[in-house]
Amino acid sequence: SQQGEEDPQALSIQEGENATMNCSYKTSINNLQWYRQNSGRGLVHLILIRSNEREKHSGRLRVTLDTSKKSSSLLITASRAADTASYFCATDGNTNAGKSTFGDGTTLTVKP
Amino acid sequence: DAGVTQSPTHLIKTRGQHVTLRCSPISGHKSVSWYQQVLGQGPQFIFQYYEKEERGRGNFPDRFSARQFPNYSSELNVNALLLGDSALYLCASSQGQFPGYTFGSGTRLTVV
């Protein structure tokens, strides 16, 4: 079974609006990452947040992490049509060190 | 510098056949991880190889095998293909044993 679960499964917004996606996970983690994937192509790494960090920013992206609730959120501000993609969270745990565990993603559609 | 490269990009095979997928890591990276992504789901970890040794294995049948060569490139082999093996196969590389966050564009395998 997948470690992470994204919510919502699908999100549709207008250009210029903000998009918020949530991720919940089950076991303790070292790091949590967010990825973007366009139309079944390769994954693009967006941002990594470590278990001892609470918030991280990168351009229009803001990621928060709440380890007590085992949850993370990805906020994309001032969305653009080019942000249309699937977004996945992935966690790195203490076991099987070379493995990232992914959720099933949120499909974001940004309408121009 | 070249990123993670995978070949071929697309492949169609018949049930029962064998397939070999290839991955070249970023120069200087010694670890390669393989993931399977079925349509509509997140990637699932198959293998990690580091310094030519298997360092992690996911919950996949023995029909799946891999190896890493002295130049750190890797092959994923799948025997006795099933329709359910149809997926995007992704490769990620990293310098050490921790998970790689840089992915290739993947190989789209269709089993008919």
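Would you mind stating whether B:P99 is surrounded by 17 or more Cβ atoms within 10 Å (Cβ to Cβ) and either more than 17 Å from A:L43 (Cβ to Cβ) or within 7 Å of another protein chain (Cβ to nearest Cβ) (or both)? Here the answer is yes, as B:P99 does meet what is asked. The residues of the range B:25-55 that are within 11 Å of chain A (Cβ to nearest Cβ), β-branched (V, I, T) and in a loop (DSSP other than H, G, I, E, B) amount to a single one, B:V38.
Can you confirm whether B:N79 is closer than 14 Å to B:Q17 by Cβ, surrounded by fewer than 17 Cβ atoms within 10 Å (Cβ to Cβ), more than 8 Å from chain A (Cβ to nearest Cβ) and among the polar types (S, T, N, Q)? Taking the combined requirement at face value, the residue satisfies it.
Considered as a group, the residues in the range A:79-94 that are polar (S, T, N, Q) and farther than 23 Å from B:L39 by Cα include one that is nearest to the other protein chains (Cβ to nearest Cβ), and that residue is A:N94. Can we say B:L21 is more than 11 Å from chain A (Cβ to nearest Cβ), farther than 25 Å from A:L46 by Cα and over 10 Å from the mean Cα position of the chain (by Cα)? When the stated conditions are applied, B:L21 does not pass them.
For the range A:9-51, a residue qualifies if it is away from chain B (no Cβ under 11 Å), in contact (Cβ under 8 Å) with a residue 60 or more places away in the chain and in a loop (DSSP other than H, G, I, E, B), and the qualifying residues are A:E15, A:G16, A:E17, A:N18, A:Y25, A:T27, A:S28, A:I29.
Read-outs: derived from the displayed coordinates by stated rules, not from any lab. Model, not experiment: these values are computed from the prediction. Ideal geometry is used to build each Cβ from the backbone, glycine not excepted, and the neighbour counts take in all protein chains shown.
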